[in-house]
1. Could you tell me how many of the residues in segment A:266-298 are closer than 30 Å to A:V364 by Cα and in contact with a Phe, Trp or Tyr (Cβ under 7 Å, 6 or more places away or on another chain)?
2. Go through segment A:14-29 and report how many residues are part of a helix (DSSP H, G or I) and within 15 Å of A:D68 (Cβ to Cβ).
3. Restricting to segment A:387-424, and then to whatever is free of Cβ contacts under 8 Å to residues at least 60 places away in the same chain, within 14 Å of chain B (Cβ to nearest Cβ) and not hydroxyl-bearing (S, T, Y), can you tell me which residue is farthest from A:P144 (Cα to Cα)?
4. So A:R109 clears everything in (1) part of a loop (DSSP other than H, G, I, E, B); (2) modelled with pLDDT of 95 or more except one condition, right? Which one?
5. Have a look at A:G262, A:G253 and point out the one that is over 23 Å from the mean Cα position of the chain (by Cα) and open to solvent by 50 Å² or more (accessible area, probe 1.4 Å).
6. Filter segment A:442-463 down to the residues that are within 16 Å of A:Q476 (Cβ to Cβ) and crowded, with 24+ Cβ neighbours inside 10 Å and list them by number.
7. Which residues, counting only those in segment A:335-368, are buried (at least 18 other Cβ atoms within 10 Å of the Cβ), more than 30 Å from the chain's Cα centre (by Cα) and more than 8 Å from chain B (Cβ to nearest Cβ)?
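The values are calculated or read from the model by the stated rules, or taken from the named source; none is laboratory data. Not measured: the values here are computed from a predicted model. Positions of Cβ are backbone-derived with ideal geometry, glycine not excepted, and every protein chain shown enters the neighbour counts. Side chains included, ligands, DNA and RNA excluded: accessible areas come from the protein's heavy atoms. Shrake-Rupley method; radii C 1.70, N 1.55, O 1.52, S 1.80 Å.
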Amino acid sequence: MDSIVSMTIRDLKSLLKKRQISSVELTRLYLDRIRRYDGVIQSYLSVTEEYALKMAEEADKRIQRGDDGYLLGVPMGIKDIFCTQGIETTCASQILKGFIPPYDATVIRRLKENGYVHLGRLNMDEFAMGSSTENSSFQVTRNPWDLTRIPGGSSGGSAAAVAAGLSVASLGTDTGGSIRQPAALCGVVGLKPTYGRVSRYGLIAFASSLDQIGPITRNVEDCADLLAIIAGHDPMDSTSIPAPVPDYRSYLGQDIKGLKIGIPKEYFLEGMEEDVQEAIKNSIQVLAKNGASFVDISLPHTEYAVATYYIICTAEASSNLARYDGVKYGLRVEGKDIIDMYKKTRLSGFGKEVKRRIILGTYVLSSGYYDAYYRKASKVRTLIRRDFENAFSECDVILTPVSPTTAFKAGERLEDPLTMYLSDIFTIPVNLAGLPALSLPCGFDRNNLPIGLQLIGQPLDEARLLQVAYLFEKVQNIQTIPDRYME
Amino acid sequence: MQNVDNKPMKITKDMIEYVAHLSRLELEPQEIDLYTEQIDRILSYMDTLNSLDTTHIEPTSHVVPLGTAFRDDIVQDSLPVGDATQNAPRRKGTFFEVPPIIEMEE
């Protein structure tokens, strides 16, 4: 029998169904692994052992009754951004410490309906603002491939836990790359679906026109299966798209003969690490050998994406985070009057990066500066969206690197926000255009750090991305768990 | 005022303090200095957008062209008030408790 740690969700389900292992045993196995390895990696903010074992017992009873569910009895860690009824949900912020949601996010409800077991809460940058998970107000998560480096962010806890086999799979959120970049830096698979494909109800909001939920997994098959569970229309989210969900699994294993893949010249300029460039070149050859054809394309407004993004996302964040005022939930610090109470609460409750973004966002929306910044950025967003529309008249899928570098050292970019912002240069345009994009391990650099490949698709064309990624994964067979976590 | 790159400052300390007030954020004195310098650099970087002519371009606020989502006007259960207010740091029964907003005359 293969090691349980390297199995897919479907393999685990099959063991559970045949009663070769019980959900309680499987849950204990993961709890033991977390105890053994997570003291150093620090991917979990909290482990909900009692709750997990209760859910596992329930799952075992259901399995005995012959019930079914795509995740029945399968334990998973959850990014601490999804409201989960009765379980503390903090968004890694002091301002939400102790917050117990009275309802489930739609994605959590769907995981529950499918029988998952909740292992614990995974670390992230506070309010998902960051690219390294160093902005968590609780702890710093390490990259399982090199413990001196960051796991990426903001879904760094999710990606690190999956990479170290401390969760078979997880869900992340992606506003400017927060699923794809940590997936790439931790050597796992991450998918940001089309904006509106997955309901955001119960997701703690950062930038509402950009946020999207998606799977972080160790293989493409699990990615397809998890997406099938969470995708689809939800009346509780008015931006959710009322389109049917395709059978993603049926695309896995289909060949890619005749598929046209676009390579944007703007993504291969200076600043990219040599090993990243080399890995991308090799990936292009692999896909070409398997029948894909390649076309050179141009996305001329790429260089404006980071500036556009940081105007729009901070503007939306400054508005979304106005709700943390010490009245309805979370922290309250008393003051001499109500305004003073708001100010003191927000001073104590928010971390540095969150405050920086609220100030920047308030500034770009303020009277006298709105046209120069927010309105200008919204117009450039149109140009960036059109770049992709034009490109897709020449190709089916666009291929790029996920990040210009592999995982960087902890602390390296922390004092320099602009450099940190620029590390998302290849992932941000996709959010501005609302497109689906998948991050896939494609090799290692000279320091044995994972490199990620990005496949960008047309709206609602996730199936095609999964199809290409599945083939690539089968041909390349790249290791997704570091050796020392395979025991 | 000039910044570290010898360019005119995009933003002043007073402006940062004013915007912080609008955002209901109290800042430590050293944070005001830090944010003034950092946000100045970020805003200078954002000036790159000015090299684009966008006079005749429509802004994008949402990428998915969706109309208003309507539902049938059917009364449904909502979250019980007790559950919705359970996380309030201070409450009286099912009401949020806040400091006085309007001064009361004696």
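1. 1
2. Step one: of segment A:14-29, the residues part of a helix (DSSP H, G or I) are A:14-17, A:23-29.
So of that shortlist, the ones also within 15 Å of A:D68 (Cβ to Cβ) come out as A:14-17, A:23.
Selection size over segment A:14-29: 5.
3. The extreme case among them is A:E389.
4. Looking at each condition in turn, A:R109 falls short on (1).
5. Result of the check over A:G262, A:G253: A:G253.
6. A:C442, A:P450, A:I451, A:G452, A:L453, A:Q454, A:L455
7. none
Let's see how each residue does on (1) open to solvent by less than 90 Å² (accessible area, probe 1.4 Å); (2) modelled with pLDDT under 95:
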{"residue": "B:L22", "(1), (2)": "yes, no"}
{"residue": "B:E28", "(1), (2)": "yes, yes"}
{"residue": "B:D53", "(1), (2)": "no, no"}
{"residue": "B:I57", "(1), (2)": "yes, no"}
{"residue": "B:P65", "(1), (2)": "no, yes"}
{"residue": "B:N87", "(1), (2)": "yes, no"}
